[in-house]
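Asks: Okay, here's the structure, questions in a sec.
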Amino acid sequence: MMNDVKQGIGLLGCGAIGRALALAVDEGIVGGAKLVALFDQDSRNARNLLQRLSSSPKATASFDDFMATEGLSLVVEAASQEAVRQHGAAVIAGGKHLLIMSTGSLLDAHLFSELSDLTRQTGCRIFVPSGAVGGIDAIRASRDTLEEVVLTTRKPPQSLMDTASTDGNTLKDIASATVVFEGNALEAVKRFPFNINVAATLSLAGIGPEKTKVRIIADPNAKGNIHEVYAAGKSGVMRFIMENVPHPDNPMTSHLAVLSAIETLRGACEGGLRVGA
């Protein structure tokens, strides 16, 4: 006899990516899940999203109200690295599972340790989608044999937000393909916190943020977000190239990143046979 009990999903962050995930649950694309709560620092985002849904989740006015929602069992973070830093520990300590979109937050060693300890204490799980890059399963499987991992990301300048710039604007004035960053994943995530979560995910699956090399190219001729992964070690050499279409509602994020989150949510809620996860 099938179990009809559904996971109660709470959405933390109701912007473009959060809306896409909420609609996927609302439309039944994610079996075994129901949307029960919405929370955004800007309450207008939650109210606007609520109007687009056929279900009636609770649009909460505060994080405490959000966590107190009846039936809430899994929180989907679709807000920012700062939201994970502010609320991640409270979610796990409160007995809820957590799916993290802003994986760059996990490169904070203190936060990573705190969340890991809480999962052991509570039995709750943290889910990290593979995001906008393929081959994460192969990287994870061979991590102990890898000697080098390099990520080269090419994006349109207008989709890159460089926090090191003096005016805080995008790199929109770049006229030709230009290398705007070379360093490790830890440095990349700090400088481009809204654009390069893929570097964090890759480093967490592989050899760590300090050893994972990252190169970012702003290219006005790029039609999408292109990620090339090179990994080499005793188990062999791997090369993955992803030419992703930007999400229609948020050019800073690849459409694949949203699809990956939806698939991860399916795995968390549906059970059954999962391939490569």
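Asks: What shape does the stretch 203-277 take by its C-alpha gyration tensor, where a ≥ b ≥ c are the square roots of the eigenvalues and a/c under 1.5 counts as rounded, a/b above b/c as prolate, and the rest as oblate?
Replies: Note, shape of the stretch 203-277 comes out oblate.
Asks: On the principal axes of its Cα set, how long, how wide and how thick is the stretch 120-192? Give whole Å, largest value first.
Replies: Projected onto its principal axes, the Cα set of the stretch 120-192 covers 47, 31, 18 Å.
Asks: Straight-line reach from Lys190: which aspartates and glutamates fall under 15 Å, measuring Cα to Cα and dropping same-chain residues less than 8 apart?
Replies: Correct list for Lys190: Glu82, Asp108, Asp162, Glu182, Glu210.
Asks: How much solvent-accessible surface does Asp64 expose, in Å² to the nearest 10, with a 1.4 Å probe and all protein chains in place?
Replies: 120 Å²
Asks: Measuring from centroid to centroid over Cα atoms, what is the spacing of the stretch 10-80 and the stretch 135-213 in Å?
Replies: When both Cα centres are located, 29 Å separates them.
Asks: Run the accessible area of the stretch 72-193 with a 1.4 Å probe and give the carbon-and-sulfur part as a rounded percent.
Replies: 46 percent
Asks: Setting aside same-chain residues fewer than 8 positions from Lys6, which lysines have a Cα under 24 Å from its Cα?
Replies: Output for Lys6: Lys34, Lys58, Lys96.
Asks: Quick check on the chain: helices-only [θ] at 222 nm, where DSSP H runs of length 4 and up contribute -39,500 (n - 2.57) each and the sum goes over total residues. Nearest 500, please.
Replies: Rounded to the nearest 500, it is -9500 deg cm²/dmol.
Asks: Which order do peptides 143-152, 16-25, 195-204 fall in by mean Cβ count within 10 Å, highest first?
Replies: Ranked by mean Cβ neighbours within 10 Å, highest first: 195-204, 16-25, 143-152.
Asks: Note down the relative contact order for the chain as a percent, whole number, built from C-alpha pairs under 8 angstrom at least six residues apart.
Replies: Once divided by the residue count of the chain, the mean separation gives 19 percent.
Asks: If you don't mind, another one. Show which lysines lie in cross-link reach of Lys234 when reach means a straight Cα distance below 26 angstrom and same-chain residues fewer than eight apart are skipped.
Replies: Qualifying lysines at Cα under 26 Å: Lys211, Lys213.
Asks: Order the peptides 236-242, 220-226 from the highest to the lowest mean number of other Cβ atoms within 10 Å of their residues.
Replies: 220-226, 236-242
Asks: Turning to a different aspect of this structure: Once the stretch 130-277 is represented by equal point scatterers at the alpha-carbon sites, with solvent omitted, what log10 I(q)/I(0) does the Debye formula produce at q = 0.09, 0.13 Å⁻¹?
Replies: -0.28, -0.58
Asks: Sticking with this structure for a sec: Quantify how much of the Cα-Cα distance distribution of the chain extends past 33 Å, in percent.
Replies: 21 percent
Asks: With a 10 Å radius around each residue's Cβ, average the other Cβ atoms per peptide and rank 105-113, 69-77, 30-38, highest first.
Replies: Answer by packing, highest mean first, reads 30-38, 69-77, 105-113.
Asks: So what's the convex hull volume per residue for the Cα atoms of the stretch 52-111, in Å³?
Replies: Here the figure is 97 Å³ per residue.
The values are calculated or read from the model by the stated rules, or taken from the named source; none is laboratory data. Keep in mind that what you see is a predicted model, and the values were worked out from it rather than measured. Counting neighbours? That spans all protein chains shown, and the Cβs are built from the backbone with ideal geometry, glycine included. The accessibility values were calculated without ligands, DNA or RNA, using every heavy atom of the protein model including side chains. Shrake-Rupley method; radii C 1.70, N 1.55, O 1.52, S 1.80 Å.
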